[in-house]
1. Being over 23 Å from Gly74 (Cβ atoms) and either touching a residue at least 60 places away in the same chain (Cβ under 8 Å) or polar (S, T, N, Q) (or both) is the filter here, so list the residues in the stretch 5-32 that pass it.
2. Which of the residues belonging to the stretch 33-46 are surrounded by fewer than 19 Cβ atoms within 10 Å (Cβ to Cβ) and within 12 Å of the chain's Cα centre (by Cα)?
3. Give the stretch 33-61 a look and list any residue that's of a type in the set (Ser, Thr, Tyr), modelled with pLDDT under 95 and either part of a helix (DSSP H, G or I) or closer than 14 Å to Glu15 by Cβ (or both), or say none.
4. Among the residues of the stretch 47-61, count how many are under 11 Å from the mean Cα position of the chain (by Cα) and surrounded by 14 or more Cβ atoms within 10 Å (Cβ to Cβ).
5. Just checking, how many residues over the stretch 14-32 are surrounded by 15 or more Cβ atoms within 10 Å (Cβ to Cβ) and either assigned to a loop (DSSP other than H, G, I, E, B) or within 11 Å of the chain's Cα centre (by Cα) (or both)?
Amino acid sequence: MSGTNHIVFSEGDMEYTVKYITKLALKPGKNKSASIVFPSDTLMCIFMENLFQSFIINSVPKDNNLDLTLNIPGPTGEFDV
């Protein structure tokens, strides 16, 4: 389940990815990582609010060994480095 890439463009994508990341965070072990691409910072903020709520509801521990990378393409479609 680790080392996955997700693209969130819709509400359905968001719901699936929130559930997936929550499951990943609850899974025992180390080196759990995921990368998520959003078309806008607004969608990313909504996603993070939903993920935070999911973590609270599902009692995800603070130290869950999850490395989450969030990406938002720049105006040219390129990622800032």
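The values are calculated or read from the model by the stated rules, or taken from the named source; none is laboratory data. What you are looking at is a predicted structure, and each value in this text was computed from that prediction instead of being measured. Cβ atoms come from the backbone with ideal geometry, glycine included; neighbour counts cover every protein chain shown.
1. Let us first name the residues in the stretch 5-32 that are over 23 Å from Gly74 (Cβ atoms), namely 11-12, 15-16, 18-32.
Of everything in the stretch 5-32, those that are over 23 Å from Gly74 (Cβ atoms) and either touching a residue at least 60 places away in the same chain (Cβ under 8 Å) or polar (S, T, N, Q) (or both) turn out to be Thr22, Asn31.
2. Restricting attention to the stretch 33-46, the residues satisfying the condition of being surrounded by fewer than 19 Cβ atoms within 10 Å (Cβ to Cβ) are 33, 35, 37, 39-46.
Hits for the stretch 33-46 are Ser33, Ser35, Val37, Leu43, Met44, Cys45, Ile46.
3. Thr42
4. So in the stretch 47-61, the residues under 11 Å from the mean Cα position of the chain (by Cα) come out as 47-52.
Right, trim to surrounded by 14 or more Cβ atoms within 10 Å (Cβ to Cβ) and you get 47-48, 50-51.
Looking only at that region, the number is 4.
5. Just the residues of the stretch 14-32 that are surrounded by 15 or more Cβ atoms within 10 Å (Cβ to Cβ), to begin with: 14, 17-18, 20-22, 24-26, 32.
From what is left, the residues that are either assigned to a loop (DSSP other than H, G, I, E, B) or within 11 Å of the chain's Cα centre (by Cα) (or both) are 14, 17-18, 20-22, 24-25.
Residues in the stretch 14-32 being surrounded by 15 or more Cβ atoms within 10 Å (Cβ to Cβ) and either assigned to a loop (DSSP other than H, G, I, E, B) or within 11 Å of the chain's Cα centre (by Cα) (or both): 8 in total.
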